[in-house]
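The values are calculated or read from the model by the stated rules, or taken from the named source; none is laboratory data. The model shown is predicted, which means the values in this text are computed figures rather than measured ones. FYI the Cβ positions are ideal-geometry reconstructions off the backbone, even for glycines, and counts take in every protein chain you see. In case anyone asks, the SASA skips ligands and DNA or RNA and just uses the protein heavy atoms, side chains included. Shrake-Rupley method; radii C 1.70, N 1.55, O 1.52, S 1.80 Å.
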Amino acid sequence: KQWYQRRVRGTLAMAYLIRHFDTQFKFHFRRKVKTNDISKPEWYFTKLLSWIKQFGAKFVDVSGELFTGVTHPDKKILFVDALCELGAGKIREDYPRLTDALFTHYIDEVLKFHKELGDLVTLSCVPTPIMAVFVKEKALKRWLQLETLSSFKFLSSISDGEDAFEERESGSGYPVPALCVRVLTSVRALGERVRPVPDTALNTCFYSLQVDILREFMVHLSERFQKSKSREAILLLNSLAYTLSVIEEWSYDTHFIAIAKFDNPDQAPFDETVEAYSRTVQDCRESLESGIVSRANTLLTGYYKQSWEL
């Protein structure tokens, strides 16, 4: 009973303390005014961040006895969550009217907002009210579908560019084509987008998407390798080997280790992907060596059959 009374008192106190912020937010972003633009969520994200910067410390000072037993950093988190709830309410109101293009823009702005917010306060393991809107089942499913569509569309077109097979220095002592560097940069960036969000389930979803893209890239390189000759085949083999080395390096990242152990404590990150790439590299290497030997035998046979006169 005492806990319940404290919780109710805290909720009412919070509503009282942020009433002026609530009024201002509604004035600028919930009425028929120019600042209430569904295509510009960054406007109210910027306003929320400015309030957190300006009044976060003051809130801790004035909250006093209203939040008995709550430490100073926790009080600031309560303030942040209360302000974020203003933004979350606005997003829930606009959500039914979000096209895929607008939804993608909202995701970009929400992630940018959380990155900047993480520089101001230490976020808890629970998503803020704003992020909570997008990690609910329906919204998260839509988010992942759009990310997957965009990623695989990019993957299917990587070999079409004029400079796709221009040689790039890999840092491993052998050249790789430009397409390999682009894919690995894209896969890494995909995970980096959500890394600042303290939600393991969300990061796990994106880790799975990264694995799917890497596996699809492996299949793409392998199939192209079977149809290629000479220099291009060597570059494709280099791509497979270099991608394998990068994935092995990622497997030691504590971020990926935590994600892999989220579902299975005994699982290492990218273990199945590393195994698949290792087999593919070995198969392609043996195929290339066999082709070289076969070509050499053909040339030597013709050379041997020539008639030589002294």
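Structure notes:
- Take the conditions (1) in a helix (DSSP H, G or I); (2) more than 14 Å from the chain's Cα centre (by Cα); Thr122 misses just one of them, which is (1).
- Test: residue in segment 205-212 that is under 30 Å from Glu289 (Cβ atoms), among the β-branched types (Val, Ile, Thr), touching a Lys or Arg at 6+ places or on another chain (Cβ under 7 Å) and assigned to a helix (DSSP H, G or I): no
- Ala296 vs. criteria within 27 Å of the chain's Cα centre (by Cα), at pLDDT below 90 and open to solvent by less than 60 Å² (accessible area, probe 1.4 Å): no
- Which listed residue is closer than 21 Å to Val135 by Cα and either at pLDDT below 95 or within 19 Å of the chain's Cα centre (by Cα) (or both), from Leu202, Leu237: Leu202
- Output for segment 263-280, where each listed residue is surrounded by 14 or more Cβ atoms within 10 Å (Cβ to Cβ) and in contact (Cβ under 8 Å) with a residue 24 or more places away in the chain: Pro269, Phe270, Thr273, Val274, Ala276, Tyr277, Ser278, Thr280
- Matching residues in segment 98-138 - criterion: being out of contact with any helix residue (DSSP H, G or I) (no Cβ under 9 Å at 6 or more places or on another chain) and free of Cβ contacts under 8 Å to residues at least 60 places away in the same chain: Thr99, Ala101, Asp119, Lys136, Glu137, Lys138
- Close pairs (9 angstrom Cβ cut-off, 6 or more residues apart or separate chains): among the charged types (D, E, K, R) in segment 161-187, open to solvent by 20 Å² or more (accessible area, probe 1.4 Å) anywhere: Glu167/Pro175; Arg168/Pro175; Arg168/Val181; Glu169/Pro175; Arg182/Phe154; Arg182/Gly161
Quick grid of which residues meet (1) surrounded by fewer than 18 Cβ atoms within 10 Å (Cβ to Cβ); (2) small (Gly, Ala, Ser):
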{"residue": "Thr200", "(1), (2)": "yes, no"}
{"residue": "Asn203", "(1), (2)": "no, no"}
{"residue": "Asp212", "(1), (2)": "yes, no"}
{"residue": "Phe217", "(1), (2)": "no, no"}
{"residue": "Glu223", "(1), (2)": "yes, no"}
{"residue": "Lys229", "(1), (2)": "yes, no"}
{"residue": "Ala233", "(1), (2)": "no, yes"}
{"residue": "Leu236", "(1), (2)": "no, no"}
{"residue": "Ala241", "(1), (2)": "no, yes"}
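- Residues of segment 157-169 that turn out to be open to solvent by 80 Å² or more (accessible area, probe 1.4 Å) and either in contact with a strand residue (DSSP E or B) (Cβ under 6 Å, 6 or more places away or on another chain) or not in a loop (DSSP other than H, G, I, E, B) (or both), as a count: 3
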